[in-house]
Amino acid sequence: MKICIVGCGAVGSLFAAALAQLDDVEVWAYDASQPHVDAINANGLTLSGAGDVHATLRATTDAAELPPCDFGIVATKAMHTGAAIAATAHAFAGGCVATVQNGIGNEEVIAEHVERVIRGTTFPAGKILEPGHVQWDVRGDTTLGPFEPKPAPFAEVERLADACTRGGMPTHAVPDARGPQWRKVIFNAASNPIGALTGLTHGRVCERPDLRALVSGLIAEGKAVAAAQGIELDSDPEDLIDHAAKPEVAYDHKASMLQDVEARRTTEIDYLNGGIVRFGHELGVPTPLNEAIWALVKGVEQSWLQ
Amino acid sequence: MTRVCIAGAGVIGSLLAGHLAQVCEVSVLTRRDAHADALNAEGQRVSGRSDLTSRVVASTDPAALPEPELVILACKGTDLESLAARLEGHFAGATVMTVQNGLGAEEIVGAHGAWPLLSSVTFMSGTRHSDTHVEYILDTATWIGPYRDTTPADAHRVADLIVASGLKAEAFDDLRPAQWSKLIFNATVNAVAALTELPHDFHFAQVEQLGDLGNLVRDLVDEGKAAAAAAGVELWEDPWEMNVLATRRGHRHYPSMLEDVEAHRPTEIETITGSLVREAQRAGVPVPLHTALYRLVKAKEASYSE
């Protein structure tokens with residue numbers, strides 16, 4: 001089968017390299033970075049850190065080069081989903097497209113361009129060290145399920161999950177993948193922007209009782225929006241927040257959004273707190289704290305244009 | 001009224017000292033000897049909307065200054081307690097006027113002496129270029145009202161003196177409506193600017209889409225209005241209209257709290273938003289958004305040491 005990774009950044013590269021280990025899968029990578037694409041085509045893709053992997057695959061910046069594929073895995077930053085899937089949709093006319101991106105609302109954008117969509121959430125993380133070389137920081141599971149309004153057949157979801165798992169990325173196919181997705185979104189929306197707005201690491205956010213209470217306020221709103229959709233979270237985001245604050249876990253971790261803000265990169269706030277607010281708005285669930293945090297982080301981004 | 005002492009020579013104090021010394025005898029109580037020496041040697045220069053240099057007598061020791069009839073405490077709220085303590089036992093025959101942002105400055109000063117007290121809020125602004133040079137930028141008024149053992153007539157006499165010196169001032173029989181209007185405006189604009197690092201510009205009035213910053217500003221103003229109503233205060237001006245007007249002035253104003261966070265200085269969050277949150281609590285009105293911003297700004301201050 002042919003699988004195209006759409007957006008071969010850190011997370012996309014983890015999937016690309018894993019799948020390229022399999023004899024029955026031909027992997028393509030579509031990415032906007034010419035140096036990264038050139039390096040992959042010349043020397044292959046290398047992962048190091050949590051796993052050492054070398055993979056040979058085809059990469060391109062030109063969507064017209066892509067063959068018809070059985071699967072797409074979209075792994076761009078959330079704000080680039082629309083452009084990336086619009087450019088590559090032709091390759092998936094007969095296939096299914098999964099997302100392993102952060103936030104909520106990506107499936108809806110993908111479904112504007114392709115017919116069979118797979119909802120997904122992934123926990124592995126890494127960073128690009130140099131073109132063609134990715135550091136694998138965190139191992140973790142991935143969950144895939146049919147996207148309800150435009151679902152991929154469940155057998156196809158299982159086929160993709162099986163391939164990912166065989167390649168070394170443990171992946172579960174489930175009928176309803178919203179629980180893990182909302183759990184991750186609520187966790188990220190309650191922790192990432194607080195770090196970004198205050199400059200504090202996750203552990204220091206959590207040891208300030210008043211700020212930890214604000215985190216809980218954000219979580220409670222997110223849970224209410226999930227509950228209004230009948231989504232059962234697979235675990236309590238409160239527990240994840242406290243777990244991450246432990247010294248041996250992520251006390252000193254600067255949230256990725258804080259790293260984005262420090263580097264003046266556009267954040268994924270529109271798909272985290274913004275996503276919770278949009279769903280809440282449609283469902284009639286009030287989300288005033290998430291809306292405040294969304295507006296503040298957008299304000300931070302606007303301040304860079306001054 | 002012929003002798004005025006300006007205690008605290010930041011932007012507001014320097015503007016008052018330079019102007020008032022054109023119409024009466026002005027002494028300046030400074031924190032640093034070098035500042036007092038420079039003022040004694042060079043006088044106070046004001047540029048911008050005014051162009052003048054005034055002779056003043058300055059010292060770090062109240063006992064070294066002539067007995068004033070009026071003392072204007074022009075320091076920031078964060079320095080008020082220590083400044084009032086320095087005045088304890090001095091200037092028994094003087095009336096003391098506060099100009100600090102927020103609420104509660106009068107009580108702090110009143111605890112250090114039996115002086116008759118006037119309250120005021122000021123909207124003028126400037127930029128301090130050196131110990132002896134301040135630029136007068138916004139020529140908006142200072143509002144004055146009686147507080148303890150003073151009458152509306154006392155407030156009028158001080159307002160007349162300030163107007164005669166070339167600045168703008170207005171006397172009120174009851175200052176609370178104006179003070180609350182400014183408090184709500186200030187708490188909202190300063191905290192949002194401190195967190196987003198945006199100057200007070202058009203974003204603060206933008207309400208077209210969900211997530212626009214103006215929605216948050218309006219929600220914060222509404223919380224303040226509810227607290228004012230519960231405290232029995234009928235606002236003098238609508239803080240939302242003040243906000244919209246200010247963003248249309250055509251130049252970008254840098255709120256003091258934004259300048260403070262950029263310079264990694266302690267902000268006035270405690271005396272501004274903190275006093276609003278405490279007054280709202282006293283009145284039994286929930287202000288979750290102001291509470292959230294208060295916590296975030298306090299946390300941002302804590303991150304300076306990271």
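The values are calculated or read from the model by the stated rules, or taken from the named source; none is laboratory data. Everything numeric here is computed off the predicted structure, so don't read it as measured data. All Cβ positions, glycine included, derive from the backbone under ideal geometry; neighbour counts span all protein chains shown.
Here are the numbers:
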quantity: Residues that are touching a residue at least 60 places away in the same chain (Cβ under 8 Å) and part of a loop (DSSP other than H, G, I, E, B), drawn from segment A:63-94; calculated: A:66, A:67, A:68, A:69, A:70, A:75, A:76, A:77
quantity: Hits in segment A:284-300 - residues which are buried (at least 20 other Cβ atoms within 10 Å of the Cβ) and more than 9 Å from every other protein chain (Cβ to nearest Cβ); calculated: A:287, A:290
quantity: Residue check, residue B:125 more than 14 Å from chain A (Cβ to nearest Cβ), crowded, with 23+ Cβ neighbours inside 10 Å and in contact with a strand residue (DSSP E or B) (Cβ under 9 Å, 6 or more places away or on another chain); calculated: no
quantity: Residue list for segment B:213-233, filter: facing chain A (nearest Cβ under 10 Å) and either aliphatic (A, V, I, L, M) or surrounded by fewer than 20 Cβ atoms within 10 Å (Cβ to Cβ) (or both); calculated: B:213, B:215, B:216, B:217, B:219, B:220
quantity: Only listed residue being more than 20 Å from residue A:110 (Cα to Cα), more than 19 Å from the chain's Cα centre (by Cα) and among the hydroxyl-bearing types (Ser, Thr, Tyr), chosen from A:198, A:171; calculated: A:198
quantity: Subset of segment A:102-120 (residues that are modelled with pLDDT of 95 or more and among the polar types (S, T, N, Q)); calculated: A:106
quantity: Checking residue B:305 against (1) under 18 Å from residue A:296 (Cβ atoms); (2) of a type in the set (Ser, Thr, Tyr); (3) free of Cβ contacts under 8 Å to residues at least 40 places away in the same chain, the condition it does not meet; calculated: (1)
quantity: Criterion violated by residue B:203 - all others in (1) within 22 Å of the chain's Cα centre (by Cα); (2) at the interface with chain A (Cβ under 9 Å from one of its Cβ atoms); (3) at pLDDT 95 or above satisfied; calculated: (1)
quantity: Single residue of B:264, B:290 found to be surrounded by fewer than 17 Cβ atoms within 10 Å (Cβ to Cβ) and either part of a helix (DSSP H, G or I) or not charged (D, E, K, R) (or both); calculated: B:264
quantity: Lone qualifier among B:70, B:83 - being within 14 Å of residue B:3 (Cβ to Cβ) and in contact (Cβ under 8 Å) with a residue 24 or more places away in the chain; calculated: B:70
quantity: Residue within segment A:129-136 that is in a strand (DSSP E or B) and surrounded by 24 or more Cβ atoms within 10 Å (Cβ to Cβ) present; calculated: yes
quantity: Wholly within segment A:189-283, helices (runs of 4 or more DSSP H) carrying at least 2 residues that are surrounded by fewer than 18 Cβ atoms within 10 Å (Cβ to Cβ) and more than 14 Å from chain B (Cβ to nearest Cβ); calculated: A:209-228, A:237-244
quantity: Unique residue being of a type in the set (A, V, I, L, M, F, W, C) and surrounded by fewer than 21 Cβ atoms within 10 Å (Cβ to Cβ) when the list is B:92, B:171, B:105; calculated: B:92
